[in-house]
1. Using beta carbons and a limit of 6 Å, which pairs, at least six apart or on different chains, have the first residue in region B:98-111 and at pLDDT 90 or above and the second one among the β-branched types (Val, Ile, Thr) and part of a helix (DSSP H, G or I)?
2. Would you mind stating whether B:Ile86 is aliphatic (A, V, I, L, M), assigned to a loop (DSSP other than H, G, I, E, B) and surrounded by 16 or more Cβ atoms within 10 Å (Cβ to Cβ)?
3. Give me a count of the residues in region B:149-175 that are in contact (Cβ under 8 Å) with a residue 24 or more places away in the chain and under 15 Å from B:Asp240 (Cα atoms).
4. Quick check on my filter: what residues within region A:104-127 are assigned to a helix (DSSP H, G or I) and either in contact with a strand residue (DSSP E or B) (Cβ under 6 Å, 6 or more places away or on another chain) or of a type in the set (Gly, Ala, Ser) (or both)?
5. Being among the aliphatic types (A, V, I, L, M) and within 11 Å of chain B (Cβ to nearest Cβ) narrows it down to one of A:Leu211, A:Leu206, A:Leu220, so name that one.
6. What number of residues within region A:109-135 are surrounded by 11 or more Cβ atoms within 10 Å (Cβ to Cβ) and of a type in the set (Ser, Thr, Tyr)?
7. Working only within region A:164-189, note down all residues that are within 8 Å of another protein chain (Cβ to nearest Cβ) and under 11 Å from A:Asp207 (Cα atoms).
8. Any residue in region A:174-190 that is under 28 Å from B:Val226 (Cβ atoms), buried (at least 18 other Cβ atoms within 10 Å of the Cβ), of a type in the set (Ser, Thr, Tyr) and out of contact with any Ser or Thr (no Cβ under 6 Å at 6 or more places or on another chain)?
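The values are calculated or read from the model by the stated rules, or taken from the named source; none is laboratory data. The shown structure was predicted, so the numbers you read here are calculated from the model rather than taken from an experiment. All Cβ positions, even for glycine, are placed from backbone atoms using ideal geometry, and neighbour counts span all protein chains on display.
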Amino acid sequence: MPETHHSSTQDVSSKRLLFFFNHIRYAKDLRGSYLVSDIDSETYEDRSQALSRNILETRMQLPARKFTQVDQLLEIPGISSVTLGELQNFLGQSAAELFKQDMYKQVILSNFECAYQKITFEERALFEATTGDRTALSEAVAAHLVLESIGPLSEVEIRRQIRHSYVDAYTQGHLGSFALALWFYTFALDNWFSFEQVRESTEKYLDVHPLSSDTQTLYLFKGFDNKLLVSGGRTVPDLPVIVNHDEMTVAIWTCLLKD
Amino acid sequence: MIPENLSPLVEKRLFHFLNRARTARAITKVDLTKSPAPGKADYGIGETVAQRIIDKRMQLPRRRFTELSQLEGIAGLGKDKISDVIETLEIPAAEAFRRAMYNGVIFEENFELNYFSKKLADTSGLGYRSTQTDLLKSLLLDSLGDWVASDATPEHLEQLKGEIESAYVDTYSNSAEADSYAWALWFYLFDADNWFTYEQVRLPIARYLGGYFYGDEQTFHLIKGVKNSLYLKGGITVKDLPVVVNHDEQSLSLWMGQLFD
């Protein structure tokens, strides 16, 4: 069984950094990147537009119109090595963590307890063997959840429910973003956020976006009772599990609404 | 003026429609006429008569129509006009939805959208708070021969039976709005964004499941993992069987689709 811990490799963060700068097209693509602070909302639009223009113009002068080395990014007016380091640290976080931060920044408030547990694999072969087989993935998820479970009775029930769940798989991030958004939406049905609002965040998480270049698959374990994992608020059925093929991680999401 | 032998269902729908209208325009508006068959769109209630209907309603106890006789004596609301409205309200909700889908969302040339409807004696076991999934499955299995392609082999039927028996039945939060997002995703999976956008397909679903102007109470279920390809052949299909239970019509509709791309 792989150990659970937080880690990110240099390769992933550099890849994400280049992907980020190669996919900036509009000022809106910078939203949530921390590259342009949105605290001062009066100048935010102007600064975002200026920076996105600078990124685009520098990129257009390169062979194949793409950044291929991190050093090339220092040619962009307004990007210093300090800024780049901060952004690299930011993008070096796991995709799940970036999504969680984006959700709290753009969609949900502190009355939601949105959290994830992460299984990290060190070896590609073991990762592929586990995530490439539905039964192996289910067993890995159940085993991980049992470690975090709240009592011996729930251990049995977790294993039973995971084993008997119908698993809905979304290999295309774009389609998965709708399914994951619906899961969040059923918590509050327009009371706290609209479907479109939450889908914008799930799209950033699961589909191609400057902030998220990873290939990911969403598995929804239908009917799983999340009360087995969290308590003290409102939950909805189904357990979202996201396999990140670049990070070699599996993120298991839970959410609680204290309404 | 009111046709005789009006069914309780149509009477309920008529009251719902007239009591729900906040403005005259809501009565004359095409929203009512988008779903019905071409040629039935214009039942000829203009804004003047519509305003008279609303004025009459405002004079009633609780400002609501509760008796058909209350519609008598509204100038301009003759037998023909009221008959046209009634004819519209007699269309089963599923059929109205199917027509609405072909009216601006999907194309007859490349998308086959069909439903199989079954009348039920009692739908109380199929409400949101009391859905008996075994009952739902047994109703579908009882009618297997009616909605599966006539050339399906015994092996096909056996496979489908097994899939339905073991399927997970998804329901969505007692909310037509949430249902509409779930069913829209089912349509969207056919061909993401090539022929229609997610929002384009979601809006008629929200109107249908929200009860339209009919006001029908409905519940939506997705029978997960069951393949469409056993009763539809030749086109692109997706998994999961959408089922709509209409508690006012006392009916169940099973939906099937295939795209010829």
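1. B:Val105/B:Val201
2. So B:Ile86 fails the test.
3. Qualifying residue count for the region: 11.
4. Correct list: A:Ala125 only.
5. Checking each option against the conditions leaves just A:Leu220.
6. Result for region A:109-135: 4.
7. A:Gln172, A:His174, A:Leu175, A:Phe178, listed by residue number.
8. For region A:174-190, residues under 28 Å from B:Val226 (Cβ atoms), buried (at least 18 other Cβ atoms within 10 Å of the Cβ), of a type in the set (Ser, Thr, Tyr) and out of contact with any Ser or Thr (no Cβ under 6 Å at 6 or more places or on another chain): present.
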